[in-house]
Amino acid sequence: MKGKNILLGITGGIAAFKAASIASQLTKKGANVQVIMTEAATKFITPLTLQILSKNHVMIDTFDENNPENVAHIHTADHTDLVLVAPATANVIAKLAHGLADDMLTTTLLAVRSPIFIAPAMNVNMYYHATVQENIKKLEERGVHFIEPTEGMLAEGYAGKGRLPDPEAIVDIVQAYFEQKQDFIGKKLLITAGATREPIDPVRFFTNRSTGKMGYALAEAAKERGADVILISGKTALSIPSGVTIVSVETAEEMYQAVMEHMNQADIIIKAAAVADYRPKEVHDQKVKKQAGPWMIEMERTKDIAMEVGKIKRDDQLLIGFSAETDQLVDNAKDKLIRKNMDMIIGNHILTKGAGFEQDTNIVTILTRDGDEISYPIMSKKELAHHILSEVNTKWGGKS
């Protein structure tokens, strides 16, 4: 990040105090950090603090034109390599989504041509409000990057999603952006993500804990690195990454059919979905009414999609899988790697804190068919996605 011009926007939320650490870390890494604060942000942290840490004058007032040779917000926008808004309130997200510019920050953001990263931080109910989610989706469709909030204890005193991620994690995402290469241009990736649902009757179904976050992170990272991406997704609450072709499915059979239909187009197939191994043998047309005593449901095997792909994939195609385990991680992952004719498998111990389903982070060990074994500590799934793609490119960059 040395020599990069980063515009750090700070808005009026309690998480504004974390912006001090973000500014400090970015500056220590060699970036030139220009801070713009909203008036509300100054109620939570002083401009002087950010000025000392960034070593630059902090901008607040749109009409504070100190240099007659240029217009401040246009000059700032023209000399920015990346914009980071952290924290971002629901209010500023709404303004950006609708093109409103009534302060220094929003006026400048309308003029920038560089990538924009937004880190929302707010009450969980506000974050999941339909209007806020619509505004986020609208901005994502325009190419704005969002750094997803984490779950934890909120300022109001109860737990939920809406916390600003740790400053270190945010800085890592910014650094990863500058370090990334367009090393997947011309490559086509087929990625599966999320959980499948196997119906019992019109009301009930069997599923699992997968949220699709890892697969979606891989799709987003691959697109950022120049790949054409087809994302075959089970049901999820996640926003579709910008520029990715989405194929929505529900059952394991539907996912199998979609993979078979699209796999010949792909250079690299990444099986990140959590596909049901079993489904009810009988699916009822009507809701099964509650009865006295137990209800026995006979299950039958679904198709093993990774196994089927491994049997028919071309020599110039790569097959990469995931292995979620509760014991003997490396042994079980190696067994799947060989049995299913994979080129790489990513194993994670789902009982380990910070790893597995329903989390924003993961801890994994990557195994390859050539015998490589690489372990990664806890990190965000987006950061891990870039590491996985880098390993793929390092080992097989010239294969496809």
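All but one of (1) of a type outside the set (A, V, I, L, M); (2) assigned to a loop (DSSP other than H, G, I, E, B); (3) touching a strand residue (DSSP E or B) at 6+ places or on another chain (Cβ under 9 Å) hold for residue 279; which doesn't?
Answer for residue 279: the failing condition is (2).
Scan segment 192-199 and tell me whether some residue there is under 17 Å from the mean Cα position of the chain (by Cα), in contact (Cβ under 8 Å) with a residue 40 or more places away in the chain and within 18 Å of residue 318 (Cα to Cα).
Taking segment 192-199 and keeping what is under 17 Å from the mean Cα position of the chain (by Cα), we get 192-195.
Those left that are additionally in contact (Cβ under 8 Å) with a residue 40 or more places away in the chain: 192-195.
Okay, now just the ones that are also within 18 Å of residue 318 (Cα to Cα), so 192-193.
Yes, segment 192-199 contains at least one residue that is under 17 Å from the mean Cα position of the chain (by Cα), in contact (Cβ under 8 Å) with a residue 40 or more places away in the chain and within 18 Å of residue 318 (Cα to Cα).
State all residues of segment 1-20 that are of a type in the set (A, V, I, L, M) and touching a Ser or Thr at 6+ places or on another chain (Cβ under 6 Å); if no residue qualifies, say none.
7, 20
With within 20 Å of residue 114 (Cβ to Cβ), of a type outside the set (A, V, I, L, M), at pLDDT 95 or above and surrounded by fewer than 22 Cβ atoms within 10 Å (Cβ to Cβ) as the only criterion, which of 27, 46 stands out?
So the residue among 27, 46 that is within 20 Å of residue 114 (Cβ to Cβ), of a type outside the set (A, V, I, L, M), at pLDDT 95 or above and surrounded by fewer than 22 Cβ atoms within 10 Å (Cβ to Cβ) is 27.
Would you confirm, using the coordinates I've provided, whether residue 291 is more than 28 Å from residue 386 (Cβ to Cβ) and either without any contact (Cβ under 8 Å) to a residue 60 or more places away in the chain or among the small types (Gly, Ala, Ser) (or both)?
yes
Which residue pairs have Cβ atoms under 8 Å apart, sit 6 or more places apart or on different chains, and have a first residue in segment 1-17 that is surrounded by fewer than 24 Cβ atoms within 10 Å (Cβ to Cβ) and a second that is in a loop (DSSP other than H, G, I, E, B) and β-branched (Val, Ile, Thr)?
Taking only residues 6 or more apart or on different chains, the pairs are 5/80; 12/38; 12/89; 17/45.
Looking at 233, 248, which one is of a type in the set (S, T, N, Q) and out of contact with any Phe, Trp or Tyr (no Cβ under 9 Å at 6 or more places or on another chain)?
248
Output yes when any residue across segment 15-28 is assigned to a loop (DSSP other than H, G, I, E, B) and in the same structural domain as residue 153 (by TED's automatic domain parsing), and no when none is. Write out each step before concluding.
Step one: of segment 15-28, the residues assigned to a loop (DSSP other than H, G, I, E, B) are none.
No, that holds for no residue.
Can you give me the number of residues within segment 170-194 that are farther than 18 Å from residue 14 by Cα, among the hydrophobic types (A, V, I, L, M, F, W, C) and in a helix (DSSP H, G or I)?
The total comes to 5.
Looking at (1) part of a loop (DSSP other than H, G, I, E, B); (2) under 21 Å from residue 346 (Cα atoms); (3) under 26 Å from the mean Cα position of the chain (by Cα), can you tell me which one residue 240 breaks?
Checking residue 240 against (1) part of a loop (DSSP other than H, G, I, E, B); (2) under 21 Å from residue 346 (Cα atoms); (3) under 26 Å from the mean Cα position of the chain (by Cα), the one that fails is (2).
Filter segment 1-14 for residues that are more than 15 Å from residue 171 (Cβ to Cβ) and not in a strand (DSSP E or B) and give the result.
Passing the criteria: 3, 11, 12, 13, 14.
Which residues, counting only those in segment 31-59, are in a loop (DSSP other than H, G, I, E, B) and within 31 Å of the chain's Cα centre (by Cα)?
Step one: filter segment 31-59 for residues in a loop (DSSP other than H, G, I, E, B), giving 31, 38-40, 44-46, 55-58.
Result: 31, 38, 39, 40, 44, 45, 58.
Looking at residue 193 and the list (1) under 28 Å from residue 26 (Cβ atoms); (2) touching a Leu at 6+ places or on another chain (Cβ under 8 Å); (3) assigned by TED's automatic domain parsing to the domain that holds residue 271, which single condition is not satisfied?
All conditions pass for residue 193, except number (1).
I'd like to know if segment 61-79 contains one or more residues that are within 21 Å of residue 165 (Cα to Cα) and either within 33 Å of the chain's Cα centre (by Cα) or of a type in the set (Lys, Arg) (or both). Explain how you work it out, then say what you get.
Kept after step one, since they are within 21 Å of residue 165 (Cα to Cα), are these residues of segment 61-79: none.
The answer is no, given that none of the residues of segment 61-79 is within 21 Å of residue 165 (Cα to Cα) and either within 33 Å of the chain's Cα centre (by Cα) or of a type in the set (Lys, Arg) (or both).
The values are calculated or read from the model by the stated rules, or taken from the named source; none is laboratory data. Quantities reported herein were computed from a predicted structural model and do not represent experimental measurements. Glycine gets a Cβ as well: all are built from the backbone with ideal geometry, and neighbour counts include every protein chain shown.
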